[in-house]
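Undergrad: My questions all concern the structure below.
Since every read-out is calculated from the coordinates, none of them should be taken as a lab result. Keep in mind that what you see is a predicted model, and the values were worked out from it rather than measured. Virtual Cβ from ideal backbone geometry, glycine too; neighbours counted across all protein chains shown.
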Amino acid sequence: MGGGGSKDFLEAKIICKAAIKGADGAADKEDKVMAAFKSWDKDGNGKISKSEITELFTGLNEKISAKQVAQLVKAGDKDKDGELDFNEITAFLFQAPHLQKFFVELTKLLEKHLKQATDISMKVLSSCSNPFEAMGQLQKKMQDMKVKQQAELEKKLQPILKKAIAWHDKDGSGVLEKDEAIIFFSNYSGFLSQFYRDVFKVTTLQTSKTMEKQMRQVGGKEAAQQFAQAFNEQMEVHLKALDDVLDVKFKDYKANIDDRHRAAWKVMDVNGDGNLNEAEILDCLLPSREAKHQAFVQALGLFVEPEDMGQPAQIDGDDEGCVQQ
């Protein structure tokens, strides 16, 4: 069965699959997990003990050592009482460390790419006296930069996403079945809200730095400070507006979660075999694959317009040029 000390806890994946097996919707998944927990809690005290975990694995025809049981409990036991209550076991089983890392790395890359675009723009505009010449040069450089940035997104994000897919493939079948996809889509959507806010802050901070630098050159330190204060106040208003947009979208997503997941599944399951393979998932989750990625997020009902994110219009006129969720 694999070592209990492994980073991705094969034991936890086995328990998770046993709990969600056959779920066809978010509410059904919750019902199945609760029913499974109650069946595992033999003494009915609201907690799963080490001996009950051992009995659980025996019932699943899986072997588990005392050391593996201890490691499993230690990993999920937040209150350190040596057992797992319902909240502890569900938080442990449904966590998504690799998806979380994906969004962290994506935010860093977007910040890096935005700075590159700003630096190129400033360099070209300052070196050309003819505005038409400047725009021509800038368009070419932006197009070249976009190709390189998309290649970097593919290189850096693919390995993380592959780990995220394997993590959610609870039974090791090589594909995500519908019950596993419920967790995957929910986890992905759960990280989006904070990601949107992070991208907004990164975008506006870079804009603020650039404009403040220009203001300092034109009007001096005091003018730059006044601009920075006014800009920051304006961005607070815009961030509140973004929060309002996100609040509406995510409330609607939660209220219609099964419909949203079915729509997202339809976009992702290209071959129509009723499972999601790695290639299909990567095609929808990698932001460098713009059209498919945008269609997936729109199917979830969680697409946010570039202007709401504080993103500038694209020099090349490509509406899909902004890398976004």
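Undergrad: Using a 7 Å offset from the Cα along the Cα-to-Cβ direction at both Ser173 and Glu212, what is the distance between the two label points in nm, to one decimal?
TA: If labels sit at Ser173 and Glu212, their model points lie 5.3 nm apart.
Undergrad: About the Cα centre of the chain, what is the dipole size in debye to 20, counting +1 per Lys and Arg Cβ and -1 per Asp and Glu Cβ, all else neutral?
TA: Computed charge dipole of the chain: roughly 1080 debye.
Undergrad: May I pose another question? Determine the gain in length on full extension of the stretch Lys251-Ala91; use 0.36 nm per residue of separation and subtract their C-alpha separation, reporting nm with one decimal.
TA: Going from the current span to full extension adds 55.5 nm.
Undergrad: Answer rounded, prolate or oblate for the stretch 245-305, using the Cα gyration tensor with square roots of eigenvalues a ≥ b ≥ c: rounded when a/c is under 1.5, else prolate when a/b is larger than b/c, else oblate.
TA: Taking the square roots of the gyration eigenvalues as a ≥ b ≥ c, the stretch 245-305 is oblate.
Undergrad: Something else now. Taking Rh as the Kirkwood radius computed over C-alpha pairs, what is the Stokes-Einstein D of the chain at 10 °C in a medium of viscosity 1.306 mPa s, expressed in µm² per second?
TA: This corresponds to a translational diffusion coefficient of 71 µm²/s.
Undergrad: Cross-link list Lys162/Lys254; Lys140/Lys163; Lys163/Lys249: which exceed 31 angstrom alpha carbon to alpha carbon?
TA: Lys140/Lys163
Undergrad: Same structure again: Work out the length of the dipole vector of the stretch 10-93 about its Cα centre, built from +1 on the beta-carbon of each Lys and Arg and -1 on the beta-carbon of each Asp and Glu, and round it to the nearest 20 debye.
TA: Once rounded to the nearest 20, the dipole reads 340 debye.
Undergrad: Given the pairs Lys50/Lys178; Lys47/Lys155; Lys21/Lys50; Lys101/Lys266; Lys74/Lys178, which are separated by over 32 angstrom at their Cα positions?
TA: Details: Lys50/Lys178 30 Å; Lys47/Lys155 43 Å; Lys21/Lys50 23 Å; Lys101/Lys266 26 Å; Lys74/Lys178 30 Å.
Over 32 Å apart, Cα to Cα: Lys47/Lys155.
Undergrad: With label points built 7 Å along Cα→Cβ from the Cα atoms of Ala223 and Lys78, find their separation and express it in nm.
TA: 5.3
Undergrad: Return, ordered by residue number, the residues of the stretch 176-205 whose backbone nitrogen is under 15 Å from a label point located 7 Å along Cα→Cβ of Asp24.
TA: 178-180, 182
Undergrad: Along the Cα→Cβ direction, 7 angstrom out, place labels at Thr118 and Ser51. What is the inter-label distance in nm?
TA: It is 6.2 nm.
Undergrad: With +1 on each Lys and Arg Cβ and -1 on each Asp and Glu Cβ, and nothing else charged, work out how big the dipole of the stretch 51-178 is about its Cα centre, in Debye to the nearest 20.
TA: It comes to approximately 980 debye.
Undergrad: Once you sort the root eigenvalues of the Cα gyration tensor of the stretch 111-232 as a ≥ b ≥ c, which label holds: rounded (a/c under 1.5), prolate (a/b larger than b/c) or oblate (the other case)?
TA: Values: a/c = 4.56, a/b = 1.98, b/c = 2.31.
Cα axes put the stretch 111-232 in the oblate bin.
Undergrad: Given the peptides 98-109, 219-230, arrange them by the average over their residues of other C-beta atoms within 10 Å, most packed first.
TA: 98-109, 219-230
Undergrad: Related question: So for each of 295-302, 58-65 I average, over its residues, the number of other beta carbons within 10 Å; can you give me the resulting order with the highest mean first?
TA: Descending mean neighbour count gives 295-302, 58-65.
Undergrad: Here's something else I'd like to know. Contour minus end-to-end for Gln139 and Asp273, with contour as 0.36 nm per residue of separation and end-to-end as the Cα-Cα distance?
TA: Using 0.36 nm per residue and subtracting the Cα-Cα distance, I get 44.0 nm.
Undergrad: Next question. Report Rg (one decimal) and Dmax (nearest whole number) for the stretch 197-271, counting Cα atoms only, units Å.
TA: 19.7, 61
Undergrad: Out of Ala299, Leu161, Asn277, whose Cα points farthest toward the positive end of the dipole of the stretch 97-309 (charges: +1 Lys, Arg; -1 Asp, Glu; placed on Cβ)?
TA: Result: Leu161.
Undergrad: Taking every eigenvalue of the Cα gyration tensor of the stretch 10-93, multiplying by 5 and rooting it, what semi-axes result, largest first, whole Å?
TA: Taking √(5λ) for each Cα gyration eigenvalue gives 19, 14, 12 Å.
Undergrad: Given the Cα-Cα distance of Glu105 and Lys148 and 0.36 nm per residue of separation, how much length would full extension add, in nm? Write out the running numbers ahead of the final one.
TA: Numbers: separation 43, 0.36 × 43 = 15.48 nm, distance 1.68 nm.
Fully extending the segment from Glu105 to Lys148 adds 13.8 nm.
Undergrad: Using a 10 Å cut-off on Cβ atoms, rank the peptides 199-211, 23-35, 231-243 from the highest mean neighbour count down.
TA: Highest to lowest by the protection proxy: 199-211, 23-35, 231-243.
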